[in-house]
Structure formats: C-alpha cells, structure tokens
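K.L.:
Shown below is the structure under consideration.
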Amino acid sequence: MNVLIIYAHPYPASFNAAMKDRAVDVLGKAGHEVKVSDLYAMRFKATLDMDDFPDPCNRSFFSIANEMMAGFTRGKLAPDVLAEIAKVKWADLLIFQFPIWWSSMPAMLKGWIDRVFVQGFVVNLPNGQVYADGLLKGKKALISTTMGSAMELYTEDGPHGDLNLHLKSLWHNTFEFCGMEVVPSFYVFNAGEMEEFQVEAELDRWEEYLRMVI
Ligand SMILES: Cc1cc2nc3c(=O)[nH]c(=O)nc-3n(C[C@H](O)[C@H](O)[C@H](O)COP(=O)(O)OP(=O)(O)OC[C@H]3O[C@@H](n4cnc5c(N)ncnc54)[C@H](O)[C@@H]3O)c2cc1C
C-alpha cells in the first residue's frame, strides 16, 4: 500500500514527530511505501490566495472554484500544490498527524487542505461528484492526533464536548465528502506533559493500532 503522512508540527523533536517517525518505521517494515509531507519543514504556504493561480483562465473576474477547476485540468496550479496533488494521487492511505490546537487542527494543516484539495481533483460540484461519488473514492484517510486534555473533558457531557464532533468537519465534511473511506481516528489524550515511559507506551499503542488497521 502507498501511504502518505501529512504531518503538521513545528518542532522536529515533538511527540507528534515521534508518532510520525514510528509510523514511517512500522509501515516501512511491513512492506508499505511511505512518503511524508512535513509541512513546517517544507515551509508550506498555508494560505490559499491568488498566487495559487499563476495563469488564471478568467482575468476579468476571479472565481476560486473556477480557477481551481481550470488550473487542475490544465496543470497550471502553483508548483507546490501540484507536487502535493501528485502525492495524494499516488497514495492509497492518507495519515494526518497533528496536535489539537483550539479543538481543531493547526492552521498549517487547514491551509494544506484548502490549497491541495482543489475542485476538479477531489470533488466536482457541478457534476454532483461528492460523498459516495467523490473523486478520492478508493482512498482511505486516518486522523492521528494528540491533545493536552484528559479524555473525560472531550466526551459528549464533558466541558469541551465530543472530540469526534469537533473533528467532524475534517473526517466527514472533508474526507467523506471527497469520497474517502475514513479509518477510525487514533487519539492520545493527556499528551501535554508525559514521562518517557508514557511516551513509549503511547508510541507502542500507536504501532499496534497501525498494525491492526492497515
Ligand atoms: C495553540 C495551542 C492550542 C491548544 N489547544 C488545545 C485544545 O484545544 N485542547 C487540548 O486538549 N489541548 C490543546 N493544546 C495542547 C496540545 O494539544 C498538546 O500540547 C499537544 O497535543 C501535545 O503534543 P506535542 O507533539 O506538541 O507534544 P510535546 O510537547 O512535544 O511532548 C509532550 C510531552 O512528551 C514529552 N516527549 C515528547 N517527545 C518525547 C520523546 N521522544 N521522548 C520522551 N519524551 C518525549 C515531552 O517532554 C512532553 O512532556 C493546545 C496547544 C497549543 C500550542
């Protein structure tokens, strides 16, 4: 299987980095091909703007959706976006590895999705190609994320509310919308302060989970 890990943490020695490294190691040893998009290391531009369309098809009125469609069809998007699109095309499984910031994903990852999931590539709204007919059909997506809070705080009745619902815009309104099959998410709670033995235990749990679902 071809696996693309989209990894969003600014610090190369972070716990999220260790999770990414463990996944690369485990999946590689199991015979899978693995690529990593290390967004901070790549200094990935995290804002969708007009520079993403170096050769607009309509110079009198700028429509992002139309420029995405035309740019994708003509291969005229920004080079960094085209490079990420090629990786997504190659991948059978996309693993999204990131810390929870403000009960959501880091802006860096949101920006990657805004820029890379272009219309015409992931969905085609005029043709109704979304959800079961989404253009990323046949691929799988897995969210792996960490938070400082304890699990009890992120339950339906807890003060923060259900974490699965916070992330629904990602796993449902983005991944399922684009036709992908979503693998149940992997969560590490209480990840802000950990002793070395806890880090090792969580990395082992992550390894076991990967072996089970991949
Ligand atoms: C802007 C912002 C917003 C946030 N919002 C939320 C929120 O809404 N909800 C919430 O629950 N949390 C929130 N947090 C907390 C955040 O989710 C956690 O701090 C984060 O998930 C921990 O992951 P990390 O990779 O950054 O851990 P790190 O800080 O890198 O590490 C966590 C612990 O593990 C240790 N460690 C890491 N790697 C190793 C290693 N290889 N070997 C031994 N020990 C190691 C570190 O010493 C540390 O004690 C927020 C944090 C920020 C910065």
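The values are calculated or read from the model by the stated rules, or taken from the named source; none is laboratory data. If you're wondering where the values come from, they're calculated on a predicted model, not measured in any experiment. So basically every Cβ, Gly included, is an ideal-geometry build from the backbone, and we count neighbours across all protein chains shown. The area values use the complete protein model at the heavy-atom level, side chains included, leaving out ligands, DNA and RNA. Shrake-Rupley method; radii C 1.70, N 1.55, O 1.52, S 1.80 Å.
K.L.:
In percent, how large is the relative contact order of the stretch 2-213, given Cα pairs closer than 8 Å and 6 or more residues apart?
P.N.:
Once divided by the residue count of the stretch 2-213, the mean separation gives 23 percent.
K.L.:
With +1 on each Lys and Arg Cβ and -1 on each Asp and Glu Cβ, and nothing else charged, work out how big the dipole of the chain is about its Cα centre, in Debye to the nearest 20.
P.N.:
Numbers: 19 positive and 28 negative charges, 204 e Å.
That gives the chain a dipole magnitude of about 980 debye.
K.L.:
Could you compute how much accessible surface residue 178 exposes when probed at 1.4 Å, giving the result in Å² to the nearest 10?
P.N.:
Per-residue accessible area (residue 178): approximately 10 Å².
K.L.:
Indicate, rounded to the nearest 5 percent, the antiparallel portion of the DSSP beta bridges found entirely in the chain.
P.N.:
The antiparallel proportion sits near 10 percent.
K.L.:
Next up: Mind ranking 112, 102 by accessible surface for me, highest first, 1.4 Å probe?
P.N.:
102, 112
K.L.:
Subtracting the Cα-Cα distance from 0.36 nm times the residue separation, let me have the gained length for residue 80 to residue 153 in nm, one decimal.
P.N.:
22.5 nm
K.L.:
How much of residue 104 can a 1.4 Å solvent probe reach, expressed as accessible area in Å² and rounded to 10?
P.N.:
40 Å²
K.L.:
Please list 168, 139, 29, 89 from largest to smallest accessible area, probe radius 1.4 Å, with all protein chains kept in place.
P.N.:
29, 89, 168, 139
K.L.:
Could you look at the chain and say what percent of its accessible area is carbon and sulfur, using a 1.4 Å probe and all protein chains? Spell out each step's value before the answer.
P.N.:
On the way: 5730 of 10690 Å².
Summing carbon and sulfur atoms, their accessible area is 54 percent of the total for the chain.
K.L.:
Which whole-number value in Å² is the accessible area per residue of the chain, probe 1.4 Å?
P.N.:
Working: 10690 Å² over 214 residues.
Dividing the accessible area of the chain by its residue count gives 50 Å².
K.L.:
Using alpha carbon centroids, what distance separates the stretch 129-171 and the stretch 44-75, in Å?
P.N.:
29 Å
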